[in-house]
Amino acid sequence: MWEWSKRILKKKTRPPAPKSLQAAYNDLLQQASAAPEGTRVQKSRDIAENNGPADLASAPSEEEMLRLLELRIQDFNLKNITLLEYSYEPQTWTEMNSIFPEYLRAREVFLKLLGYSYADECRAAGLSDDDIRLLKETHVPENLNTHLKVPFDFGGTLDFENFALIRTHPDHGMIHRLIDFQIENNYLRVHKKIFLPRFEGKIYYD
């Protein structure tokens, strides 16, 4: 979950950590209800304040959500993005914590792989020789981010094909806005699945 949901849980006195990500999302929706009027999370505030059956029933259908996401992809001017639907397979915090060291090791190997074996693709994406040198040293260059195409909670693995390098701003932020939009509008909670923005290759660039 570390990087696919960009929301930050404030550190303050609250009940014990939830045992699954679904419980975490419930907490996030409740936190959204405290946001100022007029923000982009206004709709999620309304949902958080009244979690009755009518609100859950108002979650978009699969067809409606797909249409809304495609419109946002156009607005964001994201190129070569495909929306694929994945079922939600929540992991407990214990499971997530146990796989985290393995994830870090796989991430380092992936960065080295890019630097040593995909230098031409890196240059085509606009990376400099200094950026490629950083990749070989397992460091991520400025304004770039490693990205899991399919997060663990949706069946993703640590295979290299599931890793990608992407610009932090604006591309990575926009992709997470597409994911957050589905969470805020109860699509994940109601349908137990989500549309993930996918792209081919190990590096995303337009």
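The values are calculated or read from the model by the stated rules, or taken from the named source; none is laboratory data. A quick note: this is a predicted structure, and the numbers were derived from the prediction, not measured. Positions of Cβ are generated from backbone atoms using ideal geometry, with glycine treated the same way; all protein chains shown enter the neighbour counts. For accessibility, only protein heavy atoms count, side chains too; no ligands or nucleic acids. Shrake-Rupley method; radii C 1.70, N 1.55, O 1.52, S 1.80 Å.
For the range 53-62, the criterion of being surrounded by 13 or more Cβ atoms within 10 Å (Cβ to Cβ), small (Gly, Ala, Ser) and modelled with pLDDT under 95 is met by at least one residue.
Taking first residues from the range 133-159 that are touching a residue at least 24 places away in the same chain (Cβ under 8 Å) and partners that are of a type in the set (Phe, Trp, Tyr) and part of a loop (DSSP other than H, G, I, E, B), the Cβ contacts under 7 Å between residues at least 6 apart in sequence or on separate chains come to LEU148/TRP4; PRO151/TRP4; ASP153/TYR88; PHE154/TYR88.
State yes or no: is TYR103 under 19 Å from the mean Cα position of the chain (by Cα) and closer than 25 Å to GLN182 by Cα? Criteria not met by TYR103. Only one of the listed residues (LEU66, LEU56) is touching a Leu at 6+ places or on another chain (Cβ under 9 Å) and part of a helix (DSSP H, G or I). That residue is LEU66. A count restricted to the range 88-103 and to residues that are touching a residue at least 60 places away in the same chain (Cβ under 8 Å), of a type outside the set (Asp, Glu) and open to solvent by 70 Å² or more (accessible area, probe 1.4 Å) stands at 1. Within the range 168-188, at least one residue is surrounded by fewer than 17 Cβ atoms within 10 Å (Cβ to Cβ) and free of Cβ contacts under 8 Å to residues at least 40 places away in the same chain.
Would you call ALA106 in contact with a strand residue (DSSP E or B) (Cβ under 8 Å, 6 or more places away or on another chain), open to solvent by 10 Å² or more (accessible area, probe 1.4 Å), at pLDDT below 95 and over 30 Å from ALA57 (Cα atoms)? For ALA106, the condition - in contact with a strand residue (DSSP E or B) (Cβ under 8 Å, 6 or more places away or on another chain), open to solvent by 10 Å² or more (accessible area, probe 1.4 Å), at pLDDT below 95 and over 30 Å from ALA57 (Cα atoms) - is not met.
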